[in-house]
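Inspection log for the structure reproduced underneath, given as structure tokens.
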Amino acid sequence: GIEFIHSYVFNKVEHIRFNSTVGRYVGYTELGVKNAEAWNKGPQLGQEQAELERFCKPNAALHYR
């Protein structure tokens with residue numbers, strides 16, 4: 001399978017990551033953890049999952065046939 005990772009980096013530090021295998025946001029800093037908790041309860045999570053279906057899966061099928 002494929003894995004979609006969307007990282008949010010500021011000043012070369014990764015604060016939050018959406019990982020399609022995990023299916024949610026994970027925070028890596030104090031602020032990242034707080035935001036990840038909020039984003040997992042809000043519309044952002046659905047938007048990431050929709051992006052996986054809309055963009056990643058169709059393009060992966062083109063590259064790996």
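The values are calculated or read from the model by the stated rules, or taken from the named source; none is laboratory data. All figures in this text were calculated on a predicted structure; none of them were measured in a lab. With ideal geometry, Cβ positions are generated from the backbone for all residues, glycine too; neighbour counts draw on all protein chains shown. The protein model used for the area step is the full one, side chains on, heavy atoms only, and it has no ligands, DNA or RNA in it. Shrake-Rupley method; radii C 1.70, N 1.55, O 1.52, S 1.80 Å.
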Out of curiosity, is Tyr28 open to solvent by 100 Å² or more (accessible area, probe 1.4 Å), touching a His at 6+ places or on another chain (Cβ under 7 Å), free of Cβ contacts under 8 Å to residues at least 60 places away in the same chain and not aliphatic (A, V, I, L, M)? yes
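Can we say Gly23 is out of contact with any strand residue (DSSP E or B) (no Cβ under 9 Å at 6 or more places or on another chain), exposed (fewer than 11 other Cβ atoms within 10 Å of the Cβ) and within 24 Å of Ala60 (Cα to Cα)? Write out each step before concluding.
On the way: out of contact with any strand residue (DSSP E or B) (no Cβ under 9 Å at 6 or more places or on another chain): yes; exposed (fewer than 11 other Cβ atoms within 10 Å of the Cβ): no; within 24 Å of Ala60 (Cα to Cα): yes.
No, not satisfied.
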Only one residue in Glu3, Glu51, Glu14, Glu37 is at pLDDT below 95 and either surrounded by 14 or more Cβ atoms within 10 Å (Cβ to Cβ) or in contact with a Phe, Trp or Tyr (Cβ under 9 Å, 6 or more places away or on another chain) (or both). Which one? Glu51
